[in-house]
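Visitor: Take a look at this one; I'll ask things after.
The values are calculated or read from the model by the stated rules, or taken from the named source; none is laboratory data. Owing to the predicted nature of the structure, the values given are computational and were not obtained by experimental measurement. Using ideal geometry, Cβ is built from the backbone for each residue, glycine included, and neighbour counts are taken over all protein chains shown.
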Amino acid sequence: MSHVPHELHEEFPEKTEALHALKLSNAHFAKLADEYHAVNREIHRIETDVEPASDEALEELKKKRLHLKDEIAALLAAA
């Protein structure tokens with residue numbers, strides 16, 4: 001298992017400029033990106049044993065991160 005954070009610019013390397021532009025111009029996208037970042041950081045803290053959590057809690061956070069990533073990908077595709 002990789003304990004590397006899944007930052008948006010790493011998940012969508014070809015969309016770095018679009019990510020930045022949407023964060024500035026689309027409040028909904030900015031909120032999704034901020035929420036993704038918060039969930040992603042929490043997952044990373046759990047995976048690196050900085051913050052304890054149950055396996056179930058970690059799996060729920062991963063599902064949430066994936067859902068957010070899917071929403072972000074859809075908005076990027078539409079941009």
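Visitor: Which numbered condition in (1) acidic (D, E); (2) under 10 Å from the mean Cα position of the chain (by Cα); (3) farther than 26 Å from A21 by Cα is the only one that D70 fails?
Guide: Of everything listed in (1) acidic (D, E); (2) under 10 Å from the mean Cα position of the chain (by Cα); (3) farther than 26 Å from A21 by Cα, D70 misses just condition (3).
Visitor: Would you list the helices (runs of 4 or more DSSP H) that sit entirely within segment 1-64 and hold 2 or more residues that are under 17 Å from L75 (Cβ atoms) and at pLDDT 95 or above? First the steps, then the outcome.
Guide: Numbers: elements: 8-11, 16-25, 27-47.
Filter on segment 1-64 gives 16-25, 27-47.
Visitor: Look through E7, E47 and report the one residue that is under 11 Å from the mean Cα position of the chain (by Cα) and in contact (Cβ under 8 Å) with a residue 24 or more places away in the chain. So that I can check it myself, show each step before the final result.
Guide: Working: E47 fails: under 11 Å from the mean Cα position of the chain (by Cα).
Answer to the selection: E7.
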